Amino acid sequence: MSKYCYFNGKIVTEDKAKIPVTDIAVLRGYAIFDSLAGEGSKAPRLVEHLDRFYRSAKSAGIKVPVVREELVEAIESLLKKNKFAQTKLRILLTGGQTINGGLEYDDKSANICILADELLPLPNKIYENGASLITAEYERPLSEIKTTNYSFAVSKQKDRKKAKAIEILYVLEGKVYECSTSNFFIVKDKELITAKDGILKGVTRKMLIKAAPKMNLKVVERDLTVAELKTADEAFLTGTYKGILPIIKIDDFLIGKGVVGPIVKSLVQANREGKI
Ligand code: PMP
């Protein structure tokens, strides 16, 4: 059965949503997006995701051709029509038609669409036993903007699978940034430490920073070094689809004792209970 999506003002089946090959998104990778989850017919954290979507568009210099209410309505209809228990929603905005194949484009022809796919949660045992990461030397360009440029991450998927890692951790010149589709934290002496700059400011990360004091935890946003990874007590990643996921191994070394520690365990639990 074909899924429903929103495309330039209409709800249509996915096969009817076509972006021209001459769109600058295709030719030059000029497009932004945001991804959020649907829970039944509701979209938790919708405001935060739409805020980031409009922020990304503004920073990239692309004008969003529709008002927020239209996107909210479209998301509500897609959740009702597709009827997935949990949904992956992706709001995509392209630059528009290139002018003569060059670097300029006609901003009146931007394409906006919202795709909906079934969200299949990761198995419980990954949250209980923890997952591993591999590192790669990289920092996302225009890191605070959610551009569609994930070329580096896509090119590393074979390596990730071979290493049985859940994600790739970006490190560069001794600094730790983020994972390919998640933010990264270490726990050291009861503090949660995460990179401050050179990352996408994740919505899950933001919610955790807000909730941490209520759990008597302190979050420190600062440069995090590769050397510190080896001294971490615990580690985890945060992301809309993965939630809070314990990390017990990075490349060939174990984090702490190589098991899920008590602080990360409590964060996973709190997130499940909607306390984050
Ligand atoms: N960093 C990158 C590069 C991402 O793609 C994502 C996923 N949107 C995140 C971090 C985590 O952000 P969020 O918590 O909003 O899903």
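The values are calculated or read from the model by the stated rules, or taken from the named source; none is laboratory data. Note that this is a predicted model, so its numbers are computed, not measured. Positions of Cβ are generated from backbone atoms using ideal geometry, with glycine treated the same way; all protein chains shown enter the neighbour counts.
Answer yes or no: is there a residue in the range 131-146 that is surrounded by 15 or more Cβ atoms within 10 Å (Cβ to Cβ), closer than 26 Å to Leu46 by Cβ, basic (Lys, Arg) and touching a strand residue (DSSP E or B) at 6+ places or on another chain (Cβ under 9 Å). The answer is yes, given that some residue of the range 131-146 is surrounded by 15 or more Cβ atoms within 10 Å (Cβ to Cβ), closer than 26 Å to Leu46 by Cβ, basic (Lys, Arg) and touching a strand residue (DSSP E or B) at 6+ places or on another chain (Cβ under 9 Å).
Ile114 - would you say it is within 16 Å of the ligand (Cβ to nearest atom), in contact (Cβ under 8 Å) with a residue 24 or more places away in the chain and either in contact with a strand residue (DSSP E or B) (Cβ under 7 Å, 6 or more places away or on another chain) or β-branched (Val, Ile, Thr) (or both)?
On the way: within 16 Å of the ligand (Cβ to nearest atom): yes; in contact (Cβ under 8 Å) with a residue 24 or more places away in the chain: yes; either in contact with a strand residue (DSSP E or B) (Cβ under 7 Å, 6 or more places away or on another chain) or β-branched (Val, Ile, Thr) (or both): yes.
Answer is yes for this residue.
Conditions first: (1) within 16 Å of the ligand (Cβ to nearest atom); (2) surrounded by fewer than 16 Cβ atoms within 10 Å (Cβ to Cβ); (3) of a type in the set (A, V, I, L, M). Leu169 passes all but one, so which condition is the exception? With (1) within 16 Å of the ligand (Cβ to nearest atom); (2) surrounded by fewer than 16 Cβ atoms within 10 Å (Cβ to Cβ); (3) of a type in the set (A, V, I, L, M) applied to Leu169, the lone miss is (2).
Within the range 198-219, does at least one residue satisfy the condition of being in contact with a His (Cβ under 7 Å, 6 or more places away or on another chain) and at pLDDT 95 or above? Before you say what the answer is, go through the steps one by one.
Initial filter on the range 198-219 (in contact with a His (Cβ under 7 Å, 6 or more places away or on another chain)): 203.
Applying the additional criterion that residues be at pLDDT 95 or above yields 203.
For the range 198-219, residues in contact with a His (Cβ under 7 Å, 6 or more places away or on another chain) and at pLDDT 95 or above: present.
For the range 259-276, the set of residues classified as farther than 15 Å from Arg45 by Cβ, in a loop (DSSP other than H, G, I, E, B) and without any contact (Cβ under 8 Å) to a residue 40 or more places away in the chain consists of Glu273 only. How about the range 181-193: which of its residues are surrounded by fewer than 22 Cβ atoms within 10 Å (Cβ to Cβ) and within 13 Å of the ligand (Cβ to nearest atom)? Once the filter is applied, which keeps residues that are surrounded by fewer than 22 Cβ atoms within 10 Å (Cβ to Cβ) and within 13 Å of the ligand (Cβ to nearest atom), the range 181-193 yields only Thr181.
Quick one: in the range 89-114, which of the residues that are among the β-branched types (Val, Ile, Thr) and in a strand (DSSP E or B) is surrounded by the fewest Cβ atoms within 10 Å (Cβ to Cβ)? Before you say what the answer is, go through the steps one by one.
Initial filter on the range 89-114 (among the β-branched types (Val, Ile, Thr)): 91, 94, 98-99, 112, 114.
Checking the rest, the ones that are also in a strand (DSSP E or B) come to 91, 94, 98, 112, 114.
Values: Ile91: 25, Thr94: 23, Thr98: 22, Ile112: 20, Ile114: 22.
This residue is Ile112.
Let's see how each residue does on (1) under 16 Å from the mean Cα position of the chain (by Cα); (2) closer than 30 Å to Pro262 by Cα; (3) away from the ligand (no atom under 16 Å from the Cβ):
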residue	(1), (2), (3)
Pro65	no, no, yes
Leu71	no, no, yes
Asn82	no, no, yes
Ala85	no, no, yes
Lys108	no, no, yes
Leu122	yes, yes, no
Leu142	yes, no, no
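Inside the range 1-67, counting only strands (runs of 3 or more DSSP E) that do not spill past its ends, which hold 3 or more residues that are buried (at least 20 other Cβ atoms within 10 Å of the Cβ) and among the aromatic types (Phe, Trp, Tyr)? Explain how you work it out, then say what you get.
Details: elements: 4-7, 10-13, 31-39.
In the range 1-67, the matching strands (runs of 3 or more DSSP E) lie at 4-7.
What number of residues within the range 215-255 are assigned to a loop (DSSP other than H, G, I, E, B), within 14 Å of the ligand (Cβ to nearest atom) and either among the aromatic types (Phe, Trp, Tyr) or over 15 Å from Asn183 (Cα atoms) (or both)? If you could, list the steps in order and put the result at the bottom.
Start the filter on the range 215-255 by keeping residues that are assigned to a loop (DSSP other than H, G, I, E, B), which leaves 216-217, 222-223, 230-233, 240-242, 251-252, 255.
Filter once more, so that each one left must be within 14 Å of the ligand (Cβ to nearest atom): 240-242.
Checking which are either among the aromatic types (Phe, Trp, Tyr) or over 15 Å from Asn183 (Cα atoms) (or both) leaves us with 241.
The number of residues fulfilling the criteria is 1.
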